[in-house]
1. Which peptide among 66-72, 32-38 comes first, and what is the full order, when sorted by highest mean count of other Cβ atoms within 10 Å?
2. Normalised radius of gyration for the range 19-76, please: alpha carbon Rg relative to 2.2 N^0.38 Å, two decimal places.
């Protein structure tokens, strides 16, 4: 019995994969660059883990929600001065 496309996409979405159109990838790369530039202007350091998550999101390997929740969790673990 063949699987319906909605079933396939639903199963993949549950795993945190984000499908991209051909137009979405360049827009996401631009969004990451703009966000990094704004952070730099504001004097906010961009961690290596944040960079890796941004690249994964831009490539559609993780969802925006996964990126956001991971960043929040990691940044909450940073000791405060």
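Every read-out reported here was derived from the displayed coordinates using simple, explicitly stated rules and does not represent laboratory data. In this text the structure is predicted, and so the values were computed from the model without any measurement. For neighbour counting, all protein chains shown are included, and Cβ atoms are generated from backbone atoms with ideal geometry for every residue, glycine included.
1. Details: 66-72: 14.7, 32-38: 12.6.
Listed from highest to lowest mean packing, they are 66-72, 32-38.
2. Details: Rg = 11.6 Å, N = 58, 2.2 N^0.38 = 10.3 Å.
That works out to 1.12 for the range 19-76.
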